[in-house]
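Below is one structure; the comments refer to it alone.
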Amino acid sequence: MNREELKKLIVGPIATVPTPFDNDFQVDFGRMYELTQWWVENGLVKGKAVIKVAAAMGEGPQLDDWEWQRLLRTAVQAADGRATIMCGLHYKDTIRAAQDARIAQDLGAIGLQVSPPSLNGPTQDDVVRHFDDVCAAVDIGVMAYVVNNMPGGTIYPETFRRMADFETMVALKWTPPPGGEYHDIADMVDVVNVIDNTKDPVRNHKMGGRGYINWTAEIHPPHDLEVWDLLESRRYDEAQRLWDSVHKPLVEFSARLQETSGGQARLKKALMKAMGRPAGDSRPPSLPVTDAEQAELGEILRGFGWPVPEQAALV
């Protein structure tokens with residue numbers, strides 16, 4: 001695919017899907033197959049959404065190499081060409097990142113989410129060289145991930161402009177760097193797809209952005225597909241109200257959840273369980289969500305009008 005074709009596929013709500021684990025914290029590949037089929041059947045398809053596998057919120061950095069590779073292949077097989085399957089490649093040096101990018105391409109990924117090699121403490125010149133080598137290694141789309149909360153993870157707008165001509169660089173997962181402004185990247189929206197990572201999809205779309213990171217697309221697809229349809233129709237006030245009605249209560253619940261234990265996937269997995277589609281607990285050291293927390297979340301989701309099974313918390 002050429003760059004414009006790839007850009008048409010990396011759009012809409014980006015579903016950072018959880019990695020299913022069994023009771024022994026082993027990856028449940030059969031469950032991943034079932035869930036991927038369900039996500040596709042419920043609208044997370046090419047041109048409307050992205051299914052992102054083994055990203056940080058999907059516990060990708062905690063997976064062995066053979067685990068994330070088999071997980072990706074399982075999702076690709078289950079989607080059967082109907083969905084945009086993206087794979088997360090995080091925090092790796094350039095040699096390993098390029099090798100893994102080629103593996104992900106061979107396994108059928110359409111896109112890659114790639115962070116700077118933050119554990120190497122890169123300069124901005126290092127970041128440019130890193131993405132140059134990774135983009136040159138593949139023919140699929142690369143989405144650069146700005147990771148401001150990790151030393152060495154920031155990509156400044158002027159740095160990204162130096163990378164925008166890389167043929168397979170098709171998207172930017174955007175959070176402004178410290179001291180920066182959201183619209184500092186506005187001049188790039190016609191070159192690459194700017195994907196919001198500030199939980200402000202309306203601002204992003206008004207600027208010309210083409211998608212957004214969220215907590216809910218794979219939990220209850222109709223919600224985020226409706227948000228995206230409203231954005232595409234330029235019905236921004238309605239989109240903002242719908243987004244706020246769900247996101248704000250979940251932000252408050254997530255803050256309480258993090259008081260007991262950390263882990264990026266805990267909220268996702270609690271949401272999946274509440275909706276009757278469990279994906280197991282997060283691997284240690286994260287603690288399982290308690291029955292009381294799970295019950296509270298179920299009530300929050302019922303308040304949204306979502307179809308929460310009465311006994312979901314017991315599944």
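The values are calculated or read from the model by the stated rules, or taken from the named source; none is laboratory data. Being a predicted model, the structure only gives us computed values, none of them experimental. Methodologically, a virtual Cβ is constructed for each residue, glycine included, from the backbone with ideal geometry; neighbour enumeration extends over all protein chains shown. When the accessible area is computed, the model is the full protein with side chains, heavy atoms only, and any ligands, DNA or RNA have been set aside. Shrake-Rupley method; radii C 1.70, N 1.55, O 1.52, S 1.80 Å.
Within the range 117-136, if we keep just the residues that are under 17 Å from Gly88 (Cβ atoms) and crowded, with 21+ Cβ neighbours inside 10 Å, the residue that is modelled with the lowest pLDDT turns out to be Pro117. Of everything listed in (1) open to solvent by less than 60 Å² (accessible area, probe 1.4 Å); (2) assigned to a helix (DSSP H, G or I), the single unmet condition for Arg241 is (1).
If I filter the range 48-89 down to residues being open to solvent by 40 Å² or more (accessible area, probe 1.4 Å) and part of a loop (DSSP other than H, G, I, E, B), which single residue comes out as nearest to Ser282 (Cα to Cα)? Here the residue is Asp64.
When you scan the range 127-210 for strands (runs of 3 or more DSSP E) that lie fully inside it, which ones turn up with 3 or more residues that are among the aliphatic types (A, V, I, L, M)?
Correct list: 141-145, 169-174.
Quick test for you: out of Lys173, Lys199, pick the one residue that is open to solvent by less than 20 Å² (accessible area, probe 1.4 Å), of a type in the set (Lys, Arg) and under 19 Å from the mean Cα position of the chain (by Cα). Selected residue: Lys173, the only one of Lys173, Lys199 that is open to solvent by less than 20 Å² (accessible area, probe 1.4 Å), of a type in the set (Lys, Arg) and under 19 Å from the mean Cα position of the chain (by Cα). Could you go through the range 263-280 and let me know if any residue there is open to solvent by 40 Å² or more (accessible area, probe 1.4 Å), within 29 Å of Leu9 (Cα to Cα) and at pLDDT below 95. Yes: one or more hits.
One residue alone among Asp100, Asp106 is open to solvent by 40 Å² or more (accessible area, probe 1.4 Å) and either free of Cβ contacts under 8 Å to residues at least 40 places away in the same chain or not polar (S, T, N, Q) (or both), and that residue is Asp106.
Does the range 282-294 contain at least one residue that is part of a helix (DSSP H, G or I), farther than 26 Å from Thr36 by Cβ and either in contact (Cβ under 8 Å) with a residue 24 or more places away in the chain or open to solvent by less than 50 Å² (accessible area, probe 1.4 Å) (or both)? Taking every residue of the range 282-294 in turn, at least one turns out to be part of a helix (DSSP H, G or I), farther than 26 Å from Thr36 by Cβ and either in contact (Cβ under 8 Å) with a residue 24 or more places away in the chain or open to solvent by less than 50 Å² (accessible area, probe 1.4 Å) (or both).
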